[in-house]
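Presented below is the structure to which this report refers.
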Amino acid sequence: MSWHITITNNYHETLRAFGMVVNAGDKRPHKVPHALGNGYIEVPGFGSINFIDIGDKKVGGHSQATWGVLLSYQGEELIFRYEGGGDIHVNINQFGQAELSGNGEFSRILLSPFAFKG
């Protein structure tokens, strides 16, 4: 299924997000106008928040919802699971933190940077 994202910038620097520019000082929510697969939000000084559309694959978390998006930022991972169409709202606050909300469930997960075959 498809998912969408809305981004609000309360940070002191301009963000690059899913091919858009979200200017510093522009505190309006910016909805990416198309359904998403994979992408990222670049937060100057902190790195990128990475979004990977994992479809119906399971990588942990408590939700049993069908569809998922894997988020990673500063060495931490979350899974967002939803039914139907997913909507994620990201507010980059004054400290560069990503404040998240949406119409699904978020779970923190531990995803090792290494995976072994077999």
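The values are calculated or read from the model by the stated rules, or taken from the named source; none is laboratory data. Predicted model only: the values in this text are computed from it and were never measured. Neighbour counts run over all protein chains shown; Cβ positions are idealised from the backbone, glycine included. We work out accessible area using only protein heavy atoms, side chains counted, and drop any ligands, DNA or RNA first. Shrake-Rupley method; radii C 1.70, N 1.55, O 1.52, S 1.80 Å.
A compact table of results
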| read-out | value |
| --- | --- |
| Where I5 falls short, out of the listed (1) open to solvent by 40 Å² or more (accessible area, probe 1.4 Å); (2) in contact (Cβ under 8 Å) with a residue 24 or more places away in the chain | (1) |
| Matching residues, the stretch 62-118, being among the acidic types (D, E) and under 28 Å from R28 (Cβ atoms) | E76, D87, E99, E105 |
| Qualifying positions in the stretch 21-55 - over 16 Å from the mean Cα position of the chain (by Cα) and among the charged types (D, E, K, R) | D26, K27, R28 |
| Filter result (under 16 Å from the mean Cα position of the chain (by Cα) and modelled with pLDDT of 95 or more) within the stretch 56-74 | W67, G68, V69, L70, L71, S72, Y73, Q74 |
